[in-house]
Amino acid sequence: MAKAKSQKVAADSPAAKPVLLSGGNPQIAKGYGDVPVQAYIAAMPGWKSGIGGRLDQLIMQAVPNVQKAVKWNSPFYGMEGEGWFLGIHCFSKYIKVAFFRGLSLKPVPPGESKSKDTRYFHIHENDRLDEEQFVSWVKQASQLPGERM
């Protein structure tokens, strides 16, 4: 029992580097607010960290009162009392942005999901992010009812 506790303390210390789960997704403790989201972005491997930071900036500019959290090792963005409208997750070769009501966005994001309403947008290392389109999706998504998770 003492060993498990000492490992937890070490994992929570500022010098500890977050573990990357399969596919390269950072393992970040569940938490609400900007601090855990920034810890996730900092732990995103390689080129993904810069893109993650840019996505966070664009979301904050598009929806200044956005609420943030890390749940299930992924950042979530939502509106207070309305649920989550967007999530981000790292995979080996891309970043997946999930719009939980993506089927209602115009144009609909290209990635299909097993969930009827969710649509994905994938960003690969050499892709050029269409910031104007991304911001449009974020603004639209923030106006829709979010997912309660």
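Any idea which residue in the stretch 6-33 is modelled with the lowest pLDDT, counting only those that are under 13 Å from the mean Cα position of the chain (by Cα) and exposed (fewer than 14 other Cβ atoms within 10 Å of the Cβ)? If we take residues in the stretch 6-33 being under 13 Å from the mean Cα position of the chain (by Cα) and exposed (fewer than 14 other Cβ atoms within 10 Å of the Cβ), then GLN27 is modelled with the lowest pLDDT.
Quick one: count up the residues across the stretch 46-62 that are farther than 18 Å from MET149 by Cβ and surrounded by 15 or more Cβ atoms within 10 Å (Cβ to Cβ). Final tally of qualifying residues: 10.
Within the stretch 133-149, the set of residues being over 17 Å from ASP56 (Cβ atoms) and of a type in the set (D, E, K, R) comprises GLU147, ARG148. Restricting the stretch 63-80 to residues that are among the hydrophobic types (A, V, I, L, M, F, W, C) and closer than 14 Å to SER142 by Cβ, which is surrounded by the most Cβ atoms within 10 Å (Cβ to Cβ)? By that ranking, first place goes to PHE76. For the stretch 81-103, name all the residues that are exposed (fewer than 15 other Cβ atoms within 10 Å of the Cβ) and touching a residue at least 12 places away in the same chain (Cβ under 8 Å). Selection gives PHE91, SER92, LYS93. Do we have TYR77 as under 13 Å from the mean Cα position of the chain (by Cα), aromatic (Phe, Trp, Tyr) and part of a helix (DSSP H, G or I) here? Taking the combined requirement at face value, the residue does not satisfy it.
The values are calculated or read from the model by the stated rules, or taken from the named source; none is laboratory data. If you're wondering where the values come from, they're calculated on a predicted model, not measured in any experiment. When we count neighbours, we look across all protein chains shown, and the Cβ atoms used for this are built from the backbone with ideal geometry, even at glycine.
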